[in-house]
Amino acid sequence: MSESRRQGMSNCGLPMFLVGCEDGDSRELEDRDMRNISGPYGDEEDDEDQSERQIVVGICSMTKKSKSKPMTEIMERLCKFEYITVVIFPEEVILNESVEKWPLVDCLISFHSKGFPLDKAVSYTKLRNPLLINDLNMQYFIQDRREVYRILQEEGIDLPRYAVLNRNPDRPEECNLVESEDHVEVNGEVFHKPFVEKPVSAEDHNVYIYYPTSAGGGSQRLFRKIGSRSSVYSPESTVRKTGSYIYEEFMPTDGTDVKVYTVGPDYAHAEARKSPALDGKVERDSEGKEIRYPVMLTAMEKLVARKVCLAFKQTVCGFDLLRANGHSFVCDVNGFSFVKNSMKYYDDCAKVLGNMVMRELAPQFHIPWSIPMEAEDIPIVPTTSGTMMELRCVIAVIRHGDRTPKQKMKMEVRNALFFDLFEKYGGYKTGKLKLKKPKQLQEVLDIARQLLAELVQHNDCEIEEKKSKLEQLKTVLEMYGHFSGINRKVQLTYLPNGQPKASSEEEDSLKEGPSLLLVLKWGGELTPAGRVQAEELGRAFRCMYPGGQGDYAGFPGCGLLRLHSTYRHDLKIYASDEGRVQMTAAAFAKGLLALEGELTPILVQMVKSANMNGLLDSDSDSLTDCQQRVKARLHEIMQKNRDFSEEDNQKLAPTGSPSLVNSMGVINNPVRTCDQVHTLIQSLTCQICKRLEDPKSADLQLYHSETLELMLQRWSKLERDFRMKNGRYDISKIPDIYDCVKYDTQHNSCLGLEDTLELFHLSRALADIIIPQEYGITKAEKLDIASAYCLPLVKKIQLDLQRTHEDEAVNKLHPLYSRGVMSPGRHVRTRLYFTSESHVHSLLSIFRYGGLLDERIDEQWKQAMDYLSAVTELNYMTQIVIMLYEDNNKDPSSEERFHVELHFSPGVKGCKDEDNAPLGFGFRPASSENHEKQTDPGSLEDLSQDEPDRAAPSEPISIQRKSPLIRNRKAGSVEVLSESNASRGSAYRLFPSSSHQSPEIKPSGLELLSMPAVKRFSVSYARHPTNGFEGCSMVPSIYPLETLHNSLSLKQVDEFLTSVCKNGSETQFKRLKSLSAMFDSHAQPSIDVESQETLVTTPVQLSQPPIRPLWYSSDPPSTASSAGPSSPSVVEPSSNFGFNCE
């Protein structure tokens, strides 16, 4: 190849394509570019060697289409293939020149649109015989809805029941229409309203939907979008009397349509949009673009996409799906169609098309090119023992992201109005009631107003509720002027004998008889910082999957996305019913799957609510007997006005946890420390009051749109509640105080309030004792309380692990439909559980104290326990991760066949003391066996070529939000450098797979494990310029994942989880049974396994054309989808807990 050409092609910044102008001339290109493309256009044969010529891809369409943003984006990416040049046919040439004068191309992308001479394009293909991406003859059929429906029906694709009315004078038998008030009869087929009337011409978008008289009659008239409208309502109820139409049954789709975009039969991207039939208003974002969001296709829908692509012989093809009554129906095929505004799709589309073109044409042009074999095609990684294993399952339990301070008010109520409300919403069934809906909250507000009015009129009336509490209830419910279930809720719990008197809180005598504990909660919303934390962690999480190295920056070849797009990633995301938890899950999913758009539609489509079975929710206000005892002891110890003694140390920290002992040393005298904290809070409220009096502060906006008045309310309430009337302190308020000062220290530090840092350190020391010890002081108590909180979750995790290696009744693609996927039968199961602090504390307690391993024998477990003991706080985004691997070289019955690893991160870093944080031993530290190269023959890459970074493992490597990319000339090769290491040119590698190791680090007491260059699973954040980052807030970084143990067997873990479940008390099992009944009554219907398997595994006879088109190649294409599907829900075996076990 000539030097000039080599230079031109290596410069990815200069895409090599010729753009046609209106006057027929080409835009001016540099000489270098012109040399690259001159060969195919000249009349004489290129003098260069045939092996050095370019493959020319021609774009033959109307200018509006060829110069559209999606086409430009995709062609620019296609040009980055070393041997591909793109030529755009000028519209004037297409319309006015004969086909003999059209440019010569090797491959043609041509498609019909308004005004396009399809006949001429067909003549050109007969003359030049280029490789066709989209068949041109089939595009005649796509213009006729009757032909489209005929082909769909022949292919066995579900479509709405329909009939054709042909108003053709020559064929009167096809024009038999009988119209009645609420139905029409077309050629003997009856369609009751609502029904749809479509013109037979696909170019005519005037589709009408007719409504029954019982719903008001009239019709909705759909049309091609004009401004912000896509349909209008008309009172006209009679069908059109001229023209030919298709009449079909109306499908109830809950207001959304799904648009599917294929790029070849193995790739499908799906987006949902608001149905134009809903109200006709097009939902647009701030940039004026129609709002769409990615959705996950089921297995059957992916097969439908494949069938449509093949039946119409359109590699790039769009069609519409209607999801109704548990089925998916195709209602329209649009032909050539691109996704708009998705960078991920542009990357994928260019990659798939480029590989198709190269696969078909490179051999005949003698171009040295081979199908890129993605290293992530089979999920294989080197294990810590040096062998190669296949990743089978990833389970993560994750705490929600940064939130506004939670606020809570408790009151015991006995008024009949509250009992009536409790009965009205079925509170007596379970003894608990949660009210979040606007109507419910309005009823509570009405009761509060009524009782307050009666108090004003009759001071001696028998209203036992305290006036101040009722006023606070009324004030909070009246905030914002409207109700929102995300930031306010009321919980009612039935107390048969009234509330037990606390040692210091109740001054009046205990009243007899039943009562209700009313707990009002508000605040606790996910902040913009929390959203960024979750989304960035989702992106970083991809790197845990094989092939994810260096792909944190979002390159589309990422291993997880590859798995997801090829239907081998069985993903389910669960979240508790808290708004902050659900939005965290949605933001994480957005980052994990490279989704785009707002969080709400992602939440609706991708996050399953697990609030009906106790899986992720906990009623922290209904404490177990053990918790009541623990809290009483905590109150007793923390109310002593003297220095902590050795006896107190034994009472408060019997486990000897260094984090607890250190905090007790900081506090020394708990009452004196509480005095200091109260004084500092008083100082804070005084400073805020002074700021309020300052005219300069009148319009001051704090973080997340909070005002100084609201900030003062927060702190004033804590000041009142912390120190009770009897002078003693309510230590249950310490977590709230720490919560508030942590929030203000991070987000509102620009106010410059004095003493906030001192308040932060003192309240944190108190919280570091109170919060973890509320979940149990002794090991036995910790296990008892942990079981009450998360026994259902433990059982679910056990089932997740079991279902991975058993013969799953999942829908698997037949190999016929899985070309390009090297292991179509293999799945990686991912289960993500987003929850609150209580579940994370409890699950960690079960692993720590449940007897998984004996730290006296297992040195690695001892190191892990020492590390966990030094962790002071399980902060936002805390993660507990379980990864299951399978060694296919071992006997299936061998205990060594399945390998489990346990990882942990304490979440985001604290405000001021990152330097004092305990360090673990990195993520997936390798053993000494890794010193010898053990490349598995089944591996897809020469692992010796992968050179890890030489950084010391104790140095967390921060992945910046915008990581610099280094691409080499081969597509799909990307490395990400951390900013701290960019100068050294050291590549980020999460899974070092080389035999070259950094010098050993021998920690004390850890003789068998050496520490290779293991990069921390860490995310750093800079100041974020958007998303409402007001004031001076910074988004804190997240601690890296640390491996607690990396050589567990599945049998060990399974036996451990079984013993944990068996050790639950009888009361806990009774509770779980009742929760199971609730779960079953609310469970979503599952797909019938037998029918699904029959549908999927039975080979469908595909009619092969006489000449094999390019998509029938047996070579594996490289595909990835931005919103790849997960396996559909299936029926799982029943369990004691009634889960559907997805």
### Query
open to solvent by less than 50 Å² (accessible area, probe 1.4 Å), assigned to a strand (DSSP E or B), of a type in the set (S, T, N, Q) and within 27 Å of G264 (Cβ to Cβ) - does that describe any residue in region 125-146?
yes
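Hey, could you check region 102-129 for residues that are hydroxyl-bearing (S, T, Y) and free of Cβ contacts under 8 Å to residues at least 40 places away in the same chain and say which is farthest from G318 (Cα to Cα)?
Among residues in region 102-129 that are hydroxyl-bearing (S, T, Y) and free of Cβ contacts under 8 Å to residues at least 40 places away in the same chain, the one farthest from G318 (Cα to Cα) is S123.
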### Yes/no for L95 being open to solvent by 70 Å² or more (accessible area, probe 1.4 Å), touching a Pro at 6+ places or on another chain (Cβ under 9 Å) and among the aliphatic types (A, V, I, L, M)
yes
### Message
Going through G851, G776 one at a time, which residue ends up being at pLDDT 90 or above, open to solvent by 10 Å² or more (accessible area, probe 1.4 Å) and at positive phi?
### Response
G851
#### Entry: Unmet criterion (only one of (1) within 21 Å of the chain's Cα centre (by Cα); (2) modelled with pLDDT of 70 or more) for T262
(1)
### Query
Has region 730-737 got at least one residue that is closer than 28 Å to Y775 by Cα, outside any helix (DSSP H, G or I) and in contact with a helix residue (DSSP H, G or I) (Cβ under 9 Å, 6 or more places away or on another chain)?
yes
### Query
Which numbered condition trips up L708, out of (1) open to solvent by less than 50 Å² (accessible area, probe 1.4 Å); (2) touching a Gly at 6+ places or on another chain (Cβ under 7 Å)?
(2)
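This table checks each residue for (1) free of Cβ contacts under 8 Å to residues at least 60 places away in the same chain; (2) surrounded by fewer than 22 Cβ atoms within 10 Å (Cβ to Cβ).
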position: K696; (1), (2): yes, yes
position: Q713; (1), (2): yes, yes
position: K725; (1), (2): no, yes
position: Q746; (1), (2): no, no
### Task
Would you mind finding the one in T679, T707, T685 that is of a type in the set (V, I, T), within 25 Å of K406 (Cβ to Cβ) and modelled with pLDDT under 90?
T707
### Query
Here are some residues: S230, S201. Which one is within 41 Å of the chain's Cα centre (by Cα), modelled with pLDDT of 90 or more, of a type in the set (S, T, Y) and open to solvent by less than 60 Å² (accessible area, probe 1.4 Å)?
S201
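At pLDDT 90 or above and touching a Leu at 6+ places or on another chain (Cβ under 9 Å): which single residue out of L391, L455, L417, L441 fits that description?
Only one candidate passes the filter, namely L417.
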### Query
Do we have V810 as more than 30 Å from P265 (Cα to Cα) and at pLDDT below 95 here?
no
### Query
Which of the residues belonging to region 147-182 are in a strand (DSSP E or B) and loosely packed, with under 15 Cβ neighbours inside 10 Å?
V178, E179
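Results for (1) modelled with pLDDT of 85 or more; (2) open to solvent by 20 Å² or more (accessible area, probe 1.4 Å); (3) under 22 Å from L391 (Cα atoms), shown as yes or no for each residue.
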| position | (1), (2), (3) |
| --- | --- |
| R829 | yes, no, yes |
| V840 | yes, no, no |
| L844 | yes, no, no |
| D858 | yes, yes, no |
| I882 | yes, no, yes |
| N888 | no, yes, yes |
| S894 | yes, yes, yes |
### Query
So which residues in region 240-258 are modelled with pLDDT of 90 or more, open to solvent by 20 Å² or more (accessible area, probe 1.4 Å) and within 15 Å of L322 (Cα to Cα)?
E249
### Task
Just name the residue that is modelled with the lowest pLDDT out of those in region 101-116 that are out of contact with any Phe, Trp or Tyr (no Cβ under 9 Å at 6 or more places or on another chain) and open to solvent by 30 Å² or more (accessible area, probe 1.4 Å).
K114
### Query
Does D675 count as open to solvent by 10 Å² or more (accessible area, probe 1.4 Å) and either on the phi > 0 side of the Ramachandran plot or not in a helix (DSSP H, G or I) (or both)?
no
### Query
Just one of the numbered conditions (1) at pLDDT 85 or above; (2) farther than 27 Å from K225 by Cα is not true of V316; which one?
(2)
### Summary
Of the listed residues (L165, L132), the one being of a type in the set (A, V, I, L, M, F, W, C) and under 30 Å from A362 (Cβ atoms) is L132
## Note on the structure
Wholly inside region 568-668, helices (runs of 4 or more DSSP H) that include 3 or more residues that are open to solvent by 20 Å² or more (accessible area, probe 1.4 Å) and modelled with pLDDT of 80 or more are 579-592, 625-638, 646-652, 658-667
### Message
Can you confirm whether V99 is in contact with a Ser or Thr (Cβ under 8 Å, 6 or more places away or on another chain) and without any contact (Cβ under 8 Å) to a residue 40 or more places away in the chain?
### Response
yes
### Query
Just wondering, is there one or more residues in region 215-223 that are closer than 20 Å to R146 by Cβ and modelled with pLDDT of 85 or more?
yes
### Task
Quickly run through region 735-776 and pick out the residues that are of a type in the set (F, W, Y) and over 19 Å from G665 (Cβ atoms).
Y743, Y775
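The values are calculated or read from the model by the stated rules, or taken from the named source; none is laboratory data. Given the structure is predicted, the values throughout are model-derived calculations rather than measurements. Because the Cβ atoms are built from the backbone with ideal geometry, glycine has one as well, and the counts that use them run over all protein chains shown. The protein model used for the area step is the full one, side chains on, heavy atoms only, and it has no ligands, DNA or RNA in it. Shrake-Rupley method; radii C 1.70, N 1.55, O 1.52, S 1.80 Å.
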